[in-house]
Every structure is written in structure tokens, then in C-alpha cells.
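A short write-up of the structure that comes next.
All of the numbers you see were taken from the coordinates with simple rules; none came from a lab. Note that the structure is a prediction, hence the values are computed from the model and not measured. Cβ placement follows ideal geometry from the backbone for every residue including glycine, while neighbour counts extend to all protein chains displayed.
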Amino acid sequence: MAYDHYVAICLHLHDREIMNRSACVQMAAGCWVSSTIYSLFLTFGTFSLHFCESSVIGQFFCDIPQLLKVFCTDTHGQEISLLVCCSVFSSMFIISLFVSYICIFSTVLRIPSAHGRYKALSTCLPHLSVFSLFMSTTMFTYMRLKSMSSLYLDLLVAVFYSMMTPLLNPTIYSTRNKAIKHALGEMIGRIFAMKKN
């Protein structure tokens with residue numbers, strides 16, 4: 001998304017040439033391959049350990065930091081590899097995102113009309129806010145020591161990165177569609193009309 005916004009705002013005359021079908025397929029494949037490698041690395045490292053008799057975790061899905069709590073063996077090595085792996089991947093994503101947005105914001109500041117600046121920023125800021133919410137909660141979960149966790153805080157943070165960000169993305173991007181805005185306004189108007197009657 002950050003690269004798409006960068007091309008649309010900074011290289012808008014070449015948008016269709018750069019963001020063609022081949023480029024989109026390559027970017028999607030790159031995301032799938034890198035996330036699969038990352039997941040396999042963490043999964044094989046985690047399941048090479050031995051579980052204790054109790055396999056109950058304080059989470060609604062099997063998240064790796066929660067799984068590390070129910071192993072009988074020493075998990076210090078897995079905690080370090082999880083921290084290093086998350087640090088490397090997170091820093092790659094964050095650096096690429098910020099480089100894109102630095103270029104975008106420097107271009108936006110040069111747009112002469114206030115309406116043009118507003119339109120460009122209203123496209124980018126929702127993506128940046130959802131990405132920031134996802135990355136901050138994920139890093140909070142994966143990049144802290146096992147001794148610093150608490151059941152309720154872990155559950156709350158997991159809800160944010162596993163449920164809130166997937167819910168926010170379609171909501172944010174669909175409210176930019178005029179037809180959906182119109183339908184949503186009519187629906188809210190009907191609800192208020194029914195309450196008055």
C-alpha cells in the first residue's frame with residue numbers, strides 16, 4: 001500500500017506503467033513468500049521444544065509468545081531468536097514504509113492547492129494509522145520478555161492486532177467510496193427515523 005501510494009502521488013503520470021499487473025503479482029508473491037518463510041522459521045523453532053503436561057494457554061489462538069509459556073524446557077534461545085527475527089522483519093517493513101511516506105509527504109507539501117493536499121493526505125493517513133496500530137501491538141506482543149506478560153493485557157493486545165486492523169481496513173477504504181457513503185447515510189437516516197416513530 002505504501003508503494004502504491006508513493007507511485008500514485010509522487011509518480012502520478014507513470015502510475016499505470018509502474019503499477020501494472022506484473023508488478024502487483026510480484027509484490028503479492030514477495031509478501032506471501034517472505035511471510036511463509038518467516039512463519040516456517042518460527043514454527044519449526046517453536047515446535048522443536050517439548051510441551052509440559054498442561055497445554056492450556058491464556059489466549060484465543062496459538063500465538064508463539066503464549067506457546068513458549070507452556071514448554072518444560074528452557075525457552076531462552078527461542079525467545080532470543082523470536083526477538084531477532086521480529087526485529088529484522090519489523091525494521092525492514094518500517095524503514096520501507098517511512099522512506100515511502102517521507103517521499104509522499106515531501107511531494108504533498110509541494111501541491112499548491114489545499115484541496116489537493118487534503119485529498120492526498122486523506123488517502124495516506126488511514127493506511128499509516130492502521131499500519132501503526134498493527135505494528136505497535138504486534139511488536140508489543142512479540143518483542144518483550146515472557147516475564148513481562150499479563151493475561152488480560154495479552155488478550156487485549158491480541159484483539160487489536162488480529163481483529164481490529166482487519167476490521168478497520170475495509171471500513172476506512174469503503175467510506176471513501178461515494179456510493180457506500182450514500183448508502184450508509186440512508187441506512188443511518190432510516191434507523192433514526194424508526195427510533196422517532
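The table that follows gives values for the structure above.
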{"read-out": "Ranking of Asp74, Asp15 by count of other Cβ atoms within 10 Å, fewest first", "value": "Asp74, Asp15"}
{"read-out": "Label point distance in nm, Lys69-Thr171, each placed 7 Å from Cα along Cα→Cβ", "value": "2.7 nm"}
{"read-out": "Modelled FRET efficiency - R0 35 Å, Ser34 with Ile111, Cβ distances, 0.05 increments", "value": "0.55"}
{"read-out": "Helical contribution to [θ] at 222 nm, DSSP H n ≥ 4, -39,500 (n - 2.57), averaged over the chain, rounded to 500", "value": "-24000 deg cm²/dmol"}
{"read-out": "Longest exposed-site-free window of the chain, the sites being trypsin sites (Lys or Arg not before Pro) in a DSSP loop that have at most 15 other C-beta atoms within 10 Å", "value": "1-109"}
{"read-out": "Mean Kyte hydropathy of -1.0 or more with a Cα span along the axis of at least 30 Å, helices from DSSP in the chain", "value": "21-46, 76-109, 114-142"}
{"read-out": "Ascending count of other beta-carbon atoms within 10 Å, so fewest first, for Leu40, Leu97, Leu13", "value": "Leu13, Leu40, Leu97"}
{"read-out": "Sorted by Cβ density within 10 Å, fewest first, the residues His182, His5", "value": "His182, His5"}
{"read-out": "Length added when fully stretched, Lys181-Tyr118, from 0.36 nm per residue minus Cα-Cα", "value": "20.9 nm"}
{"read-out": "Solution diffusion estimate, µm²/s, Stokes-Einstein, the stretch 73-150, Kirkwood Rh from C-alpha pairs, 25 °C, viscosity 0.890 mPa s", "value": "164 µm²/s"}
{"read-out": "Dipole magnitude of the chain about its Cα centre (Cβ charges: Lys, Arg +1; Asp, Glu -1), debye to nearest 20", "value": "1080 debye"}
{"read-out": "Between the stretch 1-50 and the stretch 111-147, the alpha-carbon center distance in angstrom", "value": "17 Å"}
{"read-out": "Extension reserve of the Asn20-Phe47 stretch, reckoned as 0.36 nm per residue once the Cα distance is removed", "value": "5.7 nm"}
